[in-house]
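Worksheet: one structure, shown below.
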Amino acid sequence: MYIAHERRAYILRLLQQRGSLRSSELAEELGVTNETIRTDLVALQAQGLLQREHGGARYRFPSSAAPEGSPADAAAQRALPHLRPGMSLYCEDSPLCDAVLRRCRFPLCLITPSPALLQRLAAAALPHRLLCPGGELDKESALLQGAELPQPPDLALLAPPAVLPHAIAYRHAAAARWAELAARTAANTLILAPATALNDEAADAPHRVRLSRAHLITEDALPPAFADSAYRIETVPLLNADTLRQTAEGYGTT
């Protein structure tokens with residue numbers, strides 16, 4: 001019996017091979033209900049990896065997430081000078097992190113807990129080595145192979161939902177644990193965040209990770225509290241909700 005992320009990875013591989021699939025055929029092949037398949041297809045469509053159709057789905061090839069010249073692209077471009085060929089980095093699954101990794105044309109060693117991010121980057125034919133705590137992704141078979149994780153990584157590339165003057169915060173404990181490990185063990189921490197991650201409402205995210213130092217790339221309009229923050233701060237033009245939505249939708253454009 002497949003667990004959710006294994007089942008969705010299998011569905012994605014079938015779509016890559018066949019182009020389209022019917023929900024009823026998937027349910028029968030995987031031994032699950034039509035409702036389970038529907039939930040899987042909704043999740044994969046939200047990641048921009050397929051297009052749902054009546055009775056099934058069609059594969060959509062991912063491409064660069066943030067359009068050139070957009071504010072999200074500006075944030076990604078500002079992050080690139082912090083990278084160098086062959087460096088190892090912990091990274092999170094977010095539109096902004098995705099935009100950085102797709103614009104980096106020299107090879108990196110990427111370590112992430114997100115199977116979805118590994119799948120997207122593998123499909124994009126980028127030069128990076130792709131690892132997660134379970135092993136290294138073999139791009140031909142789409143299977144994880146046992147591999148040693150580099151210790152310590154050179155950089156933690158994070159895009160948390162909330163950024164406070166001396167901490168980052170997450171709504172889920174598992175995400176906070178991963179960020180804490182990344183920030184504690186990496187030689188440097190680079191945070192990407194729109195202004196919405198710095199407001200009072202975002203600060204209500206319950207699981208906080210204290211940071212002693214980090215480089216923050218965010219927007220021009222900083223809250224007053226950040227005047228004495230723990231970060232080295234670099235700003236870009238404002239990112240609005242439409243831009244971030246287009247960034248996420250860009251996963252599925254051709």
Quiz prompt | Residues Y231, Y90, sorted so that the one with the fewest Cβ neighbours within 10 Å comes first | solution = Y231, Y90
Exercise. Determine the principal axes of the Cα atoms in the stretch 4-59, then give the extent along each, sorted from largest to smallest and rounded to whole angstroms.
Key: 24, 19, 19
Quiz item: Relative contact order, percent, of the stretch 4-59 when contacts are C-alpha pairs under 8 Å separated by at least 6 residues?
Solution: 40 percent
Quiz item: Sorted by average packing, counted as other Cβ atoms within 10 angstrom per residue and highest first, what order do 160-167, 207-214 take?
Solution: 160-167, 207-214
Exercise. Search the structure for amide H atoms under 5 Å from the amide H of V236, placed 1.01 Å from N in the peptide plane, and list their residues when 5 or more places away or on another chain.
Key: T218, E219, D220
Practice problem: Can you tell me which of 111-118, 180-187 comes out highest on packing, and rank the rest after it, using the mean Cβ neighbours within 10 Å? | Solution: 111-118, 180-187
Quiz item: Which residues' amide hydrogens lie under 5 Å from the amide hydrogen of S94, considering only partners 5 or more residues apart or on another chain, with H built in the peptide plane?
Solution: none
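The numbers here are math on the coordinates, done by the rules we state, and not lab data. Values in this document were obtained by computation on a predicted structure and should not be read as measured data. Reconstructed Cβ throughout: ideal geometry from the backbone, glycine too, with neighbour counts over all protein chains shown.
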